[in-house]
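Taking it in order: structure first as structure tokens, then the write-up.
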């Protein structure tokens, strides 16, 4: 399967999540930026509220496209310790990358949500959506952060992913839904006809479109 674009991928993913439709304790958290158009279609299909959950990749110094880990809201940090040792990355360089990405994470949270409080995840079923998984480091950081925030059940859901990544993630998430697991996988972008970078404005627009679909639940604030 090759998806036309992220919204098409979200519609396809929603078919694999129909068991979660019209349930009052379900909410969809999308990983910006590319996961948000996917998450919008999932939230619409399930009649569930949508919010963002900001996770930032921690790129290898000098090679930022290569992930050595990820950072999630609430100070949750996931590092690939084997890679860090293999590349002999000094602690000071890791700390520099973390500081930079933490600033960007906080900027995006303010930009995307504005004055709206985050959805309350405590005790609920949280479906975490992205546009795909290669190494899975950003999804893993999100899952661990939500676990720390007392989410009741965590479902990691993507339209396409590397088979080994889906299998490994089951050690942390309660449920892993990978609609398409091609082998060989190579890269997320290969499974989309249109994979342009999602902009901040598109993220804001998707969140605005999602507002009428369902009321914000719980106490409103993520604790």
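See the values below:
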read-out: Long-range neighbours under 9 Å by Cβ, at least six apart or interchain, first residue farther than 19 Å from residue 107 by Cα within segment 49-61, second assigned to a loop (DSSP other than H, G, I, E, B) and modelled with pLDDT of 90 or more; value: 60/89; 61/89; 61/90
read-out: Given (1) part of a helix (DSSP H, G or I); (2) free of Cβ contacts under 8 Å to residues at least 40 places away in the same chain, index of the condition residue 184 fails; value: (1)
read-out: Residue tally, condition modelled with pLDDT under 95, touching a strand residue (DSSP E or B) at 6+ places or on another chain (Cβ under 8 Å) and over 20 Å from residue 54 (Cα atoms), over segment 186-213; value: 1
read-out: Residue satisfying condition, being more than 26 Å from residue 208 (Cα to Cα), modelled with pLDDT of 95 or more and surrounded by fewer than 24 Cβ atoms within 10 Å (Cβ to Cβ), within set 147, 170; value: 170
read-out: Looking only at segment 156-169, and only at residues there that are assigned to a helix (DSSP H, G or I) and in contact (Cβ under 8 Å) with a residue 12 or more places away in the chain, the one that is nearest to residue 54 (Cα to Cα); value: 169
read-out: Residue match in segment 89-109 (condition: part of a loop (DSSP other than H, G, I, E, B), modelled with pLDDT of 90 or more and within 19 Å of residue 199 (Cβ to Cβ)); value: no
read-out: Qualifying positions in segment 33-59 - part of a helix (DSSP H, G or I), more than 23 Å from residue 115 (Cα to Cα) and touching a strand residue (DSSP E or B) at 6+ places or on another chain (Cβ under 7 Å); value: 38, 42, 46
read-out: From the options 158, 128, 121, residue that is in contact with a strand residue (DSSP E or B) (Cβ under 9 Å, 6 or more places away or on another chain), surrounded by 21 or more Cβ atoms within 10 Å (Cβ to Cβ) and over 24 Å from residue 9 (Cα atoms); value: 121
read-out: Pairs, first in contact (Cβ under 8 Å) with a residue 60 or more places away in the chain in segment 9-28, second surrounded by fewer than 19 Cβ atoms within 10 Å (Cβ to Cβ) and part of a loop (DSSP other than H, G, I, E, B), C-beta under 8 Å, six or more apart; value: 12/1; 24/217; 25/123; 25/152; 25/217; 27/217
read-out: Matching residues, segment 115-144, being free of Cβ contacts under 8 Å to residues at least 40 places away in the same chain and outside any helix (DSSP H, G or I); value: 115, 136
read-out: Members of segment 1-15 found to be crowded, with 16+ Cβ neighbours inside 10 Å and closer than 21 Å to residue 185 by Cβ, listed by number; value: 3, 6, 8, 9, 10, 12, 13
read-out: Check on residue 172, touching a helix residue (DSSP H, G or I) at 6+ places or on another chain (Cβ under 6 Å), part of a loop (DSSP other than H, G, I, E, B) and touching a residue at least 12 places away in the same chain (Cβ under 8 Å); value: yes
read-out: Residue match in segment 47-57 (condition: at pLDDT 95 or above, more than 17 Å from the chain's Cα centre (by Cα) and either more than 19 Å from residue 196 (Cα to Cα) or loosely packed, with under 14 Cβ neighbours inside 10 Å (or both)); value: yes
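The values are calculated or read from the model by the stated rules, or taken from the named source; none is laboratory data. These numbers come from a predicted model, not from an experiment. Backbone-built Cβ (ideal geometry, glycine too); neighbour counts: all protein chains shown.
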